[in-house]
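The values are calculated or read from the model by the stated rules, or taken from the named source; none is laboratory data. Quick caveat, the model's predicted, so the values are computed rather than measured. Please note: Cβ atoms are built from the backbone with ideal geometry, for glycine as well, and neighbour counts cover all protein chains shown.
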Amino acid sequence: MDKIRIRGGRPLRGKIPISGAKNAALPLLAASLLSDETLVLRNLPHLADIATMTHLLAQHGAEISMAGEHPGGGHMGHVLKLRAREITSTEAPYDIVRKMRASVLVLGPLLARCGRARVSLPGGCAIGTRPVDMHIRGLEALGAEIELDDGYIIAEAPHGLQGGVVVFPRVSVGATENLLMAASLAKGEVVLENAAREPEVGDLANCLNRMGARIEGIDGDTLRIQGVDRLGAADYAVLPDRIEAATYAIAAAITGGEVELIGAQTETMEAVLAALGEANVNVQRTECGIRVGVDAGAKGGVRGIDVTTAPYPGFPTDLQAQIMALMSVADGAAMITETIFENRFQHVPELMRMGADIAVKSATAVVRGSGGPGGGGLHGAPVMATDLRASVSLVLAGLASAGETMVNRVYHLDRGYERLEEKLSACGADIVRLTE
Ligand code: UD1
């Protein structure tokens, strides 16, 4: 299994191209099942999770071909043509779903298009139980009959889905996306209340509208969908990955360097850029993206700040581990509260092995920073993590540590960060992938 070796203490300097957003790409890929015409998706990141989703779609009968890359190099993203002329199987098997929870996003499209679906339950995962009850209740509100049997969701709507009102009891990105896709082909009007407002949900809604759906209220918490009989072809570019961009912003800050994030959009990153600003990190909009850096000499290093995760437009749970790594080397204490997932502090013991001073009490971690970026109090160690964002937080800590850090279980990183070691080493990091 591959490992990543980091020798820390080098300030990052340079430009980092930001890839298309994984969490937008996955539902957009699933949306191809809604139409018998071609969906062209551009700016797709090259990631293990994308490969898992295309594998699942092919298994449902979609024809998928690479349509080349943007001129100017791979970092501009991949282009895929997807055509689900006919759905040859309405079953999403356990073997694929267990690899990636987002596979459950085929449930809404299959049910809406074929009137039935059999999708494996994704089960628990490292960051919590993550049930899919809101996906199921929502589809039932549109007339689906759903049973759970033998680890599978068995859903039927032989006469098609109907209009209806779905009030989500709490904000769920995945449930909103599944319902949006299903509602696009329902008979009548569907209203989704307390819908997730994440930019990736907006990206999906915009693409569905290009395919002929009638969705109003995009980016708000109430979505109104007038169902249509069929969806057609579209050509759509995935939005830039705000989580990847913020991760590299934190990489610049934690090493006391300065990087320009090419293609990053400030509009979708307000909470995190505000938090970085409060922590004394300079953030500037540029013509091509965002410049992030730390002016250690003049203003002092990174300051400890308090952060609470929340649904968009709040501070993303997908950046909680990374900001904790930064706070481990900050000047002063920080309080980090996780409100979305119940078990998302698995990076804490690993960061502590690298010298971080962190105390966890239920959903809050108190981090006593080691006094400033650029090698301060952390030291390298062999580490591993059980999920994607936790793993990247260990890479960030490694960049700021004295000595060598070996990150094991690199496959987690490959699920969500495209060419991570290449992008970081191009800015001067000493980071290499070791293949065994
Ligand atoms: C998506 C993102 C993930 C991010 C998360 C929260 C993708 C592919 N993944 O995951 O990176 O961390 O949003 O921003 O886009 N819940 C229920 N019942 C349900 C559904 C969710 O109780 O039916 C709970 C979850 O356990 C969690 C919370 O709701 O506590 C939010 O989860 P949700 O927004 O659904 O996350 P995902 O869509 O799985």
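Observations on the model:
- Options Leu29, Leu57; residue that is closer than 16 Å to Asp235 by Cα and assigned to a helix (DSSP H, G or I): Leu29
- Any hit, region 34-46, residues being of a type outside the set (S, T, N, Q), buried (at least 24 other Cβ atoms within 10 Å of the Cβ) and assigned to a helix (DSSP H, G or I): yes
- Qualifying positions in region 226-249 - of a type in the set (Phe, Trp, Tyr) and in contact with a Cys (Cβ under 7 Å, 6 or more places away or on another chain): Tyr236
- Residue within region 408-421 that is assigned to a strand (DSSP E or B) and touching a residue at least 24 places away in the same chain (Cβ under 8 Å) present: yes
- In region 381-401, of all residues being part of a helix (DSSP H, G or I) and hydroxyl-bearing (Ser, Thr, Tyr), the one that is farthest from Leu319 (Cα to Cα) corresponds to Ser391.
- Helices (runs of 4 or more DSSP H) (entirely within region 230-316) containing at least 2 residues that are buried (at least 21 other Cβ atoms within 10 Å of the Cβ) and not hydrophobic (A, V, I, L, M, F, W, C): 242-254
- The number of residues in region 224-253 that are touching a Phe, Trp or Tyr at 6+ places or on another chain (Cβ under 8 Å) and free of Cβ contacts under 8 Å to residues at least 60 places away in the same chain comes to 0.
- Whichever residue in region 1-42 is small (Gly, Ala, Ser) and closer than 15 Å to Ala58 by Cα and, among such residues, is nearest to the chain's Cα centre (by Cα): Ala30
- Enumeration of residues in region 366-380 that are in a strand (DSSP E or B) and surrounded by fewer than 23 Cβ atoms within 10 Å (Cβ to Cβ): Val366, Arg368, His379
- Test result for Ala58, away from the ligand (no atom under 16 Å from the Cβ) and either touching a Cys at 6+ places or on another chain (Cβ under 7 Å) or not assigned by TED's automatic domain parsing to the domain that holds Asp387 (or both): yes
- Count - residues of region 379-428 that are more than 15 Å from the chain's Cα centre (by Cα) and among the basic types (Lys, Arg): 3
- Pair list, Cβ under 6 Å, 6 or more apart: region 340-364 residue free of Cβ contacts under 8 Å to residues at least 60 places away in the same chain, other residue more than 16 Å from the ligand (Cβ to nearest atom) and assigned to a helix (DSSP H, G or I): Glu350/Leu394; Leu351/Ser328; Leu351/Ala397; Met354/Ala397; Ala356/Ser328; Ile358/Val348; Ile358/Met352; Val360/Val348
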